[in-house]
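Throughout, read-outs are computed from the coordinates displayed, never taken from laboratory work. Bear in mind that the values here come from a model prediction, so they are computed numbers and not experimental data. Note: ideal-geometry Cβ built from the backbone for every residue, glycine included; neighbour counts use all protein chains shown.
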Amino acid sequence: MRGFTYARPASAGEAVEMMTRAAGRSPRFFAGGTTLVDLMKLEVEVPGHLIDLTGLSDLAEYDVSSPKELVFGSLARMSDVADDRFVQAHYPALSESLWKAASQQLRNMATLGGNLLQRTRCAYFRDSQYPCNKREPGSGCSAIEGVSRGHAILGTSDHCIAVYPGDFAVALAAFDAVVDTTGPKGARSIPLLDLHLEPGTTPHAETSLASDELITRIRVPVTGAGKGSTYQKIRDRESYAFALTSAAVALDFADDRVKEARIALGGVATKPWRAWSAEQSLVGQPLTEPTARRAGELAFAGARTAPQSAFKVPLGIQTVVDSLMIAQQRALA
């Protein structure tokens, strides 16, 4: 790890000012550090200045009492939100996506905003001896012709197939969450689905955030589909492993037919992935194993696989099927 300077602002505005003043030193915002510190040790990230956000106590608060939306401060801890009784009862997909991420120690440290912005776990990105367009634009993508078992099959390009590794963002994608930010140009709101970018020809551009922009809160619109939701994560081991496939599903019913369906996919795409055609296939229909499987097949209709990652298609379809059936049980309970 290389040397760096350090500052601890007292407000979000001061944090943004510090970022602006340190523009020539590759500054980074720092919260739980569960991603950034790892990358600094590998010298994949080499910031010259760290801005510690942990003193911004107002951004660590969250409120789930509003009839219109759930509001989570960007510095709220993953474990606190995951264990909230209201979230567990009324939005189980959100709670499950947090509990199934990382380890208990990391969840106690990691913040919601930092979790959204975690970078890929692609081994070629994290090892500087290999070419990587995400780490060094124009150098090539080692994963395309390399070990690709854990890589993306949706939203890929000829320049990058790195999978987005997070869980919480996938659940947020299913609920049409919005991310609020602040920066030198003021405040703005970004739909969660627009926060992360597909790689295209510029895989190093991972989000729509400006380099000096800070996430302040995450807002989730209240929906009747919250209770009938689940987050299912398939991985090589039960704990402390990233998803091979995952699905965040939320359902609402009217007269035993699907009134509303929300399906987001993780572990298989370059960003949190919404399965729009799969959702549409369910609306107005009774949910059965055949209709659930049809939805799963539609969700993966555009998959672009390699020999090592082809297994993700049938596994992903089954993950969607299982998630839909669990969500149905909860919605109708």
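Structural descriptor for the range 31-112: relative contact order 30 percent, calculated from alpha carbon pairs under 8 angstrom and at least 6 residues apart. Stretched out straight at 0.36 nm per residue, the stretch from VAL46 to ARG8 would grow longer than its current Cα-Cα span by 11.8 nm. Debye-formula intensities of the range 26-127, expressed as log10 I(q)/I(0) at q = 0.22 Å⁻¹, are -1.17 (one equal scatterer per alpha-carbon, no solvent).
For the range 273-280, backbone phi angles converted through the Karplus equation (6.51, -1.76, 1.60; θ = phi - 60°) give residue-by-residue couplings of 10, 8, 9, 4, 5, 5, 4, 4 Hz, Gly and Pro being listed as x. This ranking places VAL320, VAL64 by how few other beta-carbon atoms lie within 10 Å of each, fewest first, which gives VAL64, VAL320. Mean residue ellipticity at 222 nm, helices only, the chain: -8000 deg cm²/dmol; runs of at least 4 DSSP H residues each add -39,500 (n - 2.57), and the sum is divided by the number of residues. Taking amide hydrogens as placed 1.01 Å from N in the peptide plane, the amide H of GLU69 sits under 5 Å from those of VAL222, each at least 5 positions away in sequence or on another chain.
The trypsin sites (Lys or Arg not before Pro) of the range 73-144 that meet both conditions, a loop assignment by DSSP and at most 16 other Cβ atoms within 10 Å of the site Cβ, are ARG121.
With neighbour counts taken as other beta-carbon atoms within 10 Å, the residues ARG2, ARG217 rank, fewest first, as ARG2, ARG217. Could you tell me the relative contact order of the chain? Use alpha-carbon pairs under 8 Å, at least six residues apart, and round to a whole percent. Once normalised by length, the contact order is 16 percent. Loop exposure criterion: chymotrypsin sites (Phe, Trp or Tyr not before Pro), DSSP state outside H, G, I, E and B, at most 14 other Cβ atoms within 10 Å. Applied to the chain, the longest stretch between such sites is 1-239.
Give the percent of DSSP beta bridges with both residues in the range 1-157 that are antiparallel, rounded to the nearest 5.
Details: 4 of 11 bridges.
In the range 1-157, DSSP labels about 35 percent of beta bridges as antiparallel.
Coupling constants for the range 241-252 follow from the phi torsions by the Karplus curve (6.51 cos²θ - 1.76 cosθ + 1.60, θ = phi - 60°), and in residue order they are 8, 7, 5, 7, 9, 8, 8, 9, 10, 9, 10, 10 Hz; glycine and proline get x. Taking the longest Cα principal axis of the chain as reference, the axis of helix 312-332 is set at about 70 degrees.
About the centre of its Cα atoms, the range 198-278 shows a dipole size close to 200 debye [charges on the beta carbon of Lys, Arg (+1) and Asp, Glu (-1) only; nearest 20 debye]. A dipole drawn for the chain from +1 and -1 charges on Cβ atoms has a positive end, and of GLY140, ALA205, LEU251 the residue lying farthest that way is GLY140. Comparing GLY3, SER97, PRO191 along the charge dipole axis of the chain, the residue lying farthest to the positive side is GLY3, per the Cβ-charge model. Rounded to the nearest 20 debye, the dipole magnitude of the range 229-332 is 360 debye, with +1 charges on Lys and Arg beta carbons, -1 on Asp and Glu beta carbons, and the Cα centre as origin. For the range 217-280, the list of GluC sites (Glu not before Pro) that fall in a loop by DSSP and count at most 15 other C-beta atoms within 10 angstrom reads GLU238. Using the Cβ-Cβ distance between GLN280 and ASP158 with R0 set to 30 Å, the FRET efficiency works out to roughly 0.55. Between the range 158-213 and the range 16-47, the alpha-carbon centres lie 18 Å apart.
With each label modelled as a point 7 angstrom along the Cα→C-beta vector, the THR202-ASP236 pair spans 3.4 nm. Taking amide hydrogens as placed 1.01 Å from N in the peptide plane, the amide H of GLY266 sits under 5 Å from those of SER246, ALA247, ALA248, each at least 5 positions away in sequence or on another chain.
Cα centroids of the range 284-313 and the range 61-108: 29 Å apart.
Placing a pseudo-label 7 Å from each Cα along the Cα-to-Cβ vector at SER103 and ALA23 gives an inter-label distance of 4.1 nm.
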